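Reading through the structure tokens given below for one structure.
The values are calculated or read from the model by the stated rules, or taken from the named source; none is laboratory data. All of these numbers come straight from a predicted model, not from anything done at the bench. When we count neighbours, we look across all protein chains shown, and the Cβ atoms used for this are built from the backbone with ideal geometry, even at glycine. With ligands, DNA and RNA removed, areas are computed over all heavy atoms of the protein, side chains included. Shrake-Rupley method; radii C 1.70, N 1.55, O 1.52, S 1.80 Å.
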Amino acid sequence: MRYASVQYSILYSEFIDSSKTFYPSYGYPLDYEWKSTTATNGWTQGFFPGVLWNIVEYNATRQFLQHATDVTMPTAPFANNTGTHDVGFVIMSGFGNAYRLLKFPEYLDVIVTAAHSLATRYSSIVRCIRSWNSPTGFLVIIDNMMNLELLFEASNQTKNQTLYDIAWQHANRTMYEHFRSDNSTYHVVKYNETDGSVIQKYTAQGYADWSTWARGQSWAVHGFTIAYRYTKYEPFLDKAIGAANYVLTHLPSSTDLITYWDYDAPHNSTLAYQPRDTSAAAIFASALVELSQYAPTSDLKNQFLTNAKAIVDQLSTPTYMIYGNKDYKLPALLTNGTMGPYPKSPYDVSLAYGDYYLTQAVVRLAKL
Ligand code: GLY
């Protein structure tokens, strides 16, 4: 977290120099500069404020409180965006953390506005929120489970039952349609929006339609853990545990806990390089810390916590970090993230969400 303070102070200076338009998205470790987005573009801009809030939660200082606030505020207009399900990622990583820590009512207003924007994407026929806009069908991706936190939290704060029901329905249908019998996940389910039937199950960012994209599986663990946090509905907990056990039994080895980018990518073959995805590992570790608190037995709780700590420890070594590599210049924490699909999209890069969920995992472990 000390290193995070150093790296994210550099990024904060760039943010100020850019007149508050610079939001790091992904970057190559040998570069000095991240590829960036703006406060109201894409899906990754909430993670920069999110890391700053994690730093504040770990060790609050007046300086980082100011940094976190400054970087969060410009993302507020995104709460009105009804064109994407990612409004959940963006608003909860910034304003969600800010409200949880500071309880300012104006932050809750942004969260509630965003929740109503997300709710416009719900179909009572499909019983899901639309993830991606497409003329060919109603597309739902497993990542969308993460956006439910926005609905559950807004419902919790305002006692709006409709927002809760939408989130519950989405999680419930996802539980039936996105999972295989071994608790691995499909990335995308395409529904018929006129009758709610399933048209196709496939991948957009994984290795193959039948494979398990590592980050998608981590979103599933994290998303069902959140759904259980708010609903206490046991099948959601069972799904989170089942998805977590899939990960734990498909890691490279019992001592090598950083997943390849897809659990089915042929990483044992000498024919082709397959990159890791540190973001998937970080998201999973953070989820596992929370899930451990809901585990029905102390054995499972200990197993989850031990693995979460071991993953964080492995991620925090120069093998996966910018730290300790003299040729690496990027002001970031992790590298070896893979956007997916490999090799078409950037790989062996730093990802804003990798840094966010790693620091979230550290904060969660520190609070136990
Ligand atoms: N939600 C997009 C991704 O995980 O790449």
* Pairwise centroid distance, computed over Cα atoms, of the stretch 327-368 with the stretch 109-167, Å -> 26 Å
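Ignoring any ligand, DNA or RNA, what whole percent of the accessible area of the stretch 93-237 comes from carbon and sulfur when the probe is 1.4 angstrom? Don't skip to the end; give the middle numbers.
Numbers: 2660 of 5330 Å².
The C+S portion of the solvent-accessible surface of the stretch 93-237 is 50 percent.
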* With charges only on Cβ, +1 for K and R and -1 for D and E, what is the dipole size of the chain about its Cα centre, in debye, rounded to 20? -> 420 debye
* Between 164, 176, 26, which gets the highest mean-square fluctuation from a Gaussian network model of the chain, Cα cutoff 10 Å? -> 176
* Asked: Cα centroids of the stretch 180-218 and the stretch 13-88: how far apart, whole angstrom?
  -> 30 Å
* **Within a Gaussian network of the chain (alpha carbon springs, distance under 10 Å), most fluctuating of 114, 244, 60** => 60
* **Lys/Arg +1, Asp/Glu -1 at C-beta; the stretch 41-127 dipole; positive extreme among 119, 58, 97** => 119
* Structure fact -> If exposed means trypsin sites (Lys or Arg not before Pro) lying in a DSSP loop and surrounded by at most 11 other beta carbons within 10 Å, then the longest stretch of the chain lacking such sites spans residues 1-102
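Quick check: at a probe of 1.4 Å, how many percent of the accessible area of the stretch 260-314 sits on carbon and sulfur atoms?
Values: 1120 of 2210 Å².
In the stretch 260-314, the share of accessible area belonging to carbon and sulfur is 50 percent.
Would you please name the GluC sites (Glu not before Pro) within the stretch 13-121 that are DSSP coil residues with at most 14 other C-beta atoms within 10 Å of their C-beta? Mind showing how you got there, number by number?
Details: sites: 14, 33, 57, 106; in loops: 33.
Answer in residue order: 33.
Among the GluC sites (Glu not before Pro) within the stretch 126-218, which fall in a DSSP loop and have no more than 16 other Cβ atoms within 10 Å of their own Cβ? Walk me through the numbers before you get to the answer.
Values: sites: 149, 153, 177, 193; in loops: 193.
Filter output for the stretch 126-218: 193.
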* Asked: Using a 1.4 Å probe, what is the accessible area per residue for the chain, in Å²?
  -> 39 Å²
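Treating only the Cβ atoms of Lys and Arg (+1) and Asp and Glu (-1) as charged, compute the dipole magnitude of the stretch 189-249 about its Cα centre; round to the nearest 20 debye. If you can, show how the numbers build up before the last one.
Details: 6 positive and 5 negative charges, 43 e Å.
Roughly 200 debye for the stretch 189-249.
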